[in-house]
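Please read the structure below before turning to the comments.
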């Protein structure tokens, strides 16, 4: 089918135990999903630890190969990407954003080094000023500028700023798809909203599709267009985010939704009703 | 780099003490270039003279000025240690980085072989080697042999660092920034491996000098090239201790012990410095 | 497969690999040299006396057999292995016609007991003191111990043994400095003989311990200072658990596990040290035997000792590896 | 209602380090005062580096260099005794630990000794306080586990054989077996999945109600505070900036920082745009002058840059450290 940006078809990933053990762990078990090239969206994969959501993301990023099933990006089967040139061409279009912004950059190196490397190798720029311009443009689209970042080391910036730099770096090659694995879970609450808003903004302004991976249903509700709920490697429910989260059908989705704590003392989901403390 | 060294010298007493000890030893070994006598000439001075102004470290029963002879010996010993260390570092670095960065089956296979080399008692093998080579034994050959046998422990250390670096997120950032594998290994990972490499180098020099001294003392090397071990060998051959020529043993042992402790102090202080976060804390 | 069985098989596999590679190194060392070991041995064996040409020819023939230099390399390799698997290294050349296995069998108990006593003593003392030094890191006495450990540890076994020999043999002669027991005594189970064996073992054990102690001390101190920052130690301290209990069952217990692995990994080096120490003190073990075999040009004995050393050390490592699951429940019950 | 169980007055605790000749002073806790009543769950909220972890370390008298207490006091009024945590020696502290004061730490792998069975943890921590011979003591422990719906067989397990949620339930049982007056809970549900988190919170709530202990519950997760705590203190950059009944704070936060935190909370079923906050929490080695929030504060004036507002009561039981608090909203 044409028009698919990403087509994940029934992928499976198993890990074998040791050399001698027969134990096999199936991390992802027959998951399919499809993103439309014409309609940029935020597609959220929700799951708890061990649900296989991170393994799925790593397969889409072509960091690990599926044990079965195919993943096509822009019509190209990821399994056929072998040469370093093809890999670069793929990475130019699909970029990751990691969970821990403090770990995303080598603490002993300057941040701009990653921006410039991406400009040179991924965006194919050779002129120093062109690279600097591309880095600056990307940084400005996340609310920073090259002047603020040039020559700085990771420990000089806050988690929120670092995550912005990580997003800017991913944007330099003008990718069509970002894979963001728990991008806000390590970020302080006061900075979290602006990163989440930024992702939404990128989808609208730069027409980037985003696969957003999280365990947090509330932010998922806030930014997603579509959602897929995973458990034990399988997709238990998928569809329009509002529809799924407002009225989940699968028992596990229902349990997950019930477990979300409401940030409202008037409607406690745990224990006694609010405000009756000094009785 | 220079700032690190300066800070270490100023604030780390162990490092400073190690540098001072090694500095003395190194300076002394440089004196060999000004020696009035070639190292292998004997009976150029009166034998068995105790330390005096004319002969600061006395003379040997073979009529050699111990001061100048020792300067040659320590130079050869240090050189030996460095040759072994450099050769085995190359092996340890390649095997450690490859095992750590590849992971999986490659890692397991390499580490099995690696653990084997850690466990095997090397001394009998070196003795066997000497036994077969006999008069053809030279210190170059011995250095080569020891380098081939002495990389394993350090390869394991380097591998464990490389293994943890591989799973760090910044490695992935490097990959998705289009950096090549070589670039990632050299520019991203090497800075973490270098301090370990340095401290293992010191330990490895210690190890190889120790074994060389031991083999030489037993006469299991080329006994015509003066090293600290060979010096002690000849002193024992002339029963220097019983004859009361204590200086013939005292000065070589003093010098080599200074070397050992100096190198060890550098390795230990470097180990403390390895945690890169402590380095960042200062900037 | 249960976890322990997997562990067991892995360790057995590693054991087989160590023996295999070790013996191969011995083969390569003896066969990949440009020098003719037969002529080397004859030269060494005949240098101190005139030997008739017939005797030399005979010696050459038997040496060729012994070295396995008959036939092509593959044949030699197979012959090498078959001799080793049977444990037959032929007769000793220097103590002809005593078989090499008898000579080694006579020396091995001395070396094994010296090694076991010194290693156990050193390991236990080093870990105990190092553990205390890591936990009570402000104690002056333990800091001093740390400095001493640092001073002795880097010095090779030979030099330390030699220094002890000078101090207790010449400067302050209170201990026997040579042999495994007094010369004039018959080997029997009497107090006098046992006492003599013990007093003769003091200096060799001490020199092995002086070097080894520092390594375990510093290793344990570093491990403990890491373990004390672990959550379970903090938690026990916040829980008011008795200090001695925390030190023993929480801190030392957990820090000890890597030290057991460390012991297995350093047995080879400790064995080297024992060989050298024996030679310095003329202790009637494998080390002294090895050195005299080299001087006598006794190839079969040297090869036999090398092989037995590799196998013996691997067995000791295997034993420690098999004890490890007793300490670590995570291996036991996976 | 009697005396408060815990009185913290003007507490100051700094990290003082000197490495490579450079002196550093991190003002992790600066002039914090608070009281906690009997039988209440007091929530302590704040981001990373807000000083909340340091504050509870100081309350627990778990002070290790480079952390130093420079001023103020921490006084507990337990059932049977009154303890000034920084004025008594270790023996006194050991006597109250676990009997009067216990802890629940973050539910990571490492709170329980990995090489010992769970049973030993109970013996080590609680045996001396229960004062019964071993078989009877173990019977008490079993009974307590059953009350918390845990199978007594967990006593024979090693920590690695239990799931993360199970380990956390076991530590809660461990922390409550001596029926302490006061429990310090430090992010006890942070590492857990949402389904497990909810049941663990329910367990804490249930046992608190049964024992009547007081709990200081520390977490950065505002939704957890909303569901569990009676009163809430908000820390920012080493200072307490707002304190009040949880319901009041969520309904009408008065400090601009709290107001932002609560407004930006994502809620299921709500996709209205949320505003982010510029800037970053300050470096506590060089905190800003005056109010430490002023560089990021939409309501800040010159005065905020000059002087820090003291905690002041705006309503009964509701204190705020701000010169220009948010207007009160009626319920």
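The values are calculated or read from the model by the stated rules, or taken from the named source; none is laboratory data. Only a predicted model underlies this, so the values are computations on that prediction, with no experimental measurement involved. Every residue, glycine as well, gets a Cβ built from its backbone with ideal geometry; the counts of neighbours run over all protein chains shown.
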Among the residues in the range C:208-216, are any part of a helix (DSSP H, G or I), closer than 19 Å to residue C:122 by Cα, more than 14 Å from every other protein chain (Cβ to nearest Cβ) and without any contact (Cβ under 8 Å) to a residue 60 or more places away in the chain?
no
Given (1) modelled with pLDDT under 90; (2) more than 17 Å from the chain's Cα centre (by Cα); (3) more than 7 Å from chain D (Cβ to nearest Cβ), identify the lone condition not met by residue A:277.
(3)
Collect the residues in the range A:146-167 that are more than 30 Å from residue D:220 (Cβ to Cβ) and not in a helix (DSSP H, G or I), keeping them in residue-number order.
A:150, A:151
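Please work out which residue is farthest from the chain's Cα centre (by Cα), limiting yourself to the range A:165-186 and to residues that are within 22 Å of residue D:265 (Cβ to Cβ) and crowded, with 24+ Cβ neighbours inside 10 Å.
Taking the candidates together, the pick is A:184.
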Taking residue C:141 as meeting all but one of (1) over 21 Å from residue C:289 (Cα atoms); (2) outside any helix (DSSP H, G or I); (3) free of Cβ contacts under 8 Å to residues at least 12 places away in the same chain, write down the number of the exception.
(2)
Would you check if there is a residue in the range B:97-112 being under 30 Å from residue C:42 (Cα atoms), in contact (Cβ under 8 Å) with a residue 40 or more places away in the chain and within 12 Å of another protein chain (Cβ to nearest Cβ)?
no
Selection count, the range A:120-141, where residues are assigned to a helix (DSSP H, G or I), more than 9 Å from chain B (Cβ to nearest Cβ) and within 27 Å of residue A:57 (Cβ to Cβ):
6
Quick one: would you say residue B:134 is surrounded by fewer than 22 Cβ atoms within 10 Å (Cβ to Cβ), in a helix (DSSP H, G or I), at positive phi and free of Cβ contacts under 8 Å to residues at least 40 places away in the same chain?
yes
Checking B:81, B:100, B:18 in turn, the sole residue that is under 21 Å from the mean Cα position of the chain (by Cα), over 27 Å from residue B:140 (Cβ atoms) and assigned to a helix (DSSP H, G or I) turns out to be B:18
Qualifying residues in the range C:238-252 (those that are touching a helix residue (DSSP H, G or I) at 6+ places or on another chain (Cβ under 8 Å) and either in a helix (DSSP H, G or I) or more than 14 Å from chain D (Cβ to nearest Cβ) (or both)) - the one surrounded by the most Cβ atoms within 10 Å (Cβ to Cβ)
C:251
Can you find a residue in the range A:168-181 that is part of a helix (DSSP H, G or I), more than 9 Å from every other protein chain (Cβ to nearest Cβ) and in contact (Cβ under 8 Å) with a residue 12 or more places away in the chain?
yes
Restricting to the range D:159-204, what's the tally of residues that are without any contact (Cβ under 8 Å) to a residue 40 or more places away in the chain, in a helix (DSSP H, G or I) and within 12 Å of chain A (Cβ to nearest Cβ)?
8
Does residue A:193 count as closer than 23 Å to residue A:225 by Cα and out of contact with any helix residue (DSSP H, G or I) (no Cβ under 6 Å at 6 or more places or on another chain)?
yes
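Every residue, every condition in (1) within 23 Å of residue D:306 (Cα to Cα); (2) in contact (Cβ under 8 Å) with a residue 60 or more places away in the chain; (3) facing another protein chain (nearest Cβ under 10 Å), yes or no:
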position	(1), (2), (3)
D:254	yes, yes, no
D:275	no, no, yes
D:279	yes, no, yes
D:288	yes, no, no
Would you call residue B:159 closer than 30 Å to residue A:168 by Cα and either more than 8 Å from every other protein chain (Cβ to nearest Cβ) or assigned to a loop (DSSP other than H, G, I, E, B) (or both)?
no
Selection within the range A:52-75 - part of a loop (DSSP other than H, G, I, E, B), in contact (Cβ under 8 Å) with a residue 60 or more places away in the chain and surrounded by 22 or more Cβ atoms within 10 Å (Cβ to Cβ):
A:52, A:61
Within the range A:76-107, which residues are free of Cβ contacts under 8 Å to residues at least 12 places away in the same chain and touching a helix residue (DSSP H, G or I) at 6+ places or on another chain (Cβ under 7 Å)?
A:103
Here is a check on your reading of the model: is residue B:45 assigned to a loop (DSSP other than H, G, I, E, B), crowded, with 19+ Cβ neighbours inside 10 Å and in contact with a strand residue (DSSP E or B) (Cβ under 6 Å, 6 or more places away or on another chain)?
yes
Scanning the range B:235-272 residue by residue, those under 26 Å from residue B:207 (Cβ atoms), facing another protein chain (nearest Cβ under 10 Å) and free of Cβ contacts under 8 Å to residues at least 60 places away in the same chain turn out to be B:236, B:249, B:250, B:253, B:257, B:260
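Confirm whether residue A:200 is closer than 26 Å to residue A:58 by Cα, modelled with pLDDT of 90 or more and either out of contact with any strand residue (DSSP E or B) (no Cβ under 6 Å at 6 or more places or on another chain) or assigned to a loop (DSSP other than H, G, I, E, B) (or both).
Considered against the rule, which asks whether it is closer than 26 Å to residue A:58 by Cα, modelled with pLDDT of 90 or more and either out of contact with any strand residue (DSSP E or B) (no Cβ under 6 Å at 6 or more places or on another chain) or assigned to a loop (DSSP other than H, G, I, E, B) (or both), residue A:200 comes out as yes.
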Does the range A:200-209 hold any residues that are in contact with a helix residue (DSSP H, G or I) (Cβ under 6 Å, 6 or more places away or on another chain) and either surrounded by 22 or more Cβ atoms within 10 Å (Cβ to Cβ) or more than 16 Å from residue D:274 (Cβ to Cβ) (or both), and which are they?
A:208
Selection status of residue B:78, in contact (Cβ under 8 Å) with a residue 60 or more places away in the chain, surrounded by 18 or more Cβ atoms within 10 Å (Cβ to Cβ) and over 28 Å from residue C:276 (Cβ atoms):
no
Can you tell me which residue in the range A:244-262 is surrounded by the most Cβ atoms within 10 Å (Cβ to Cβ), limited to those that are out of contact with any strand residue (DSSP E or B) (no Cβ under 9 Å at 6 or more places or on another chain) and over 17 Å from residue D:193 (Cβ atoms)?
A:262
Within the range D:162-191, take every residue that is under 28 Å from residue A:46 (Cα atoms) and under 17 Å from the mean Cα position of the chain (by Cα) and give me the one that is surrounded by the most Cβ atoms within 10 Å (Cβ to Cβ).
D:188
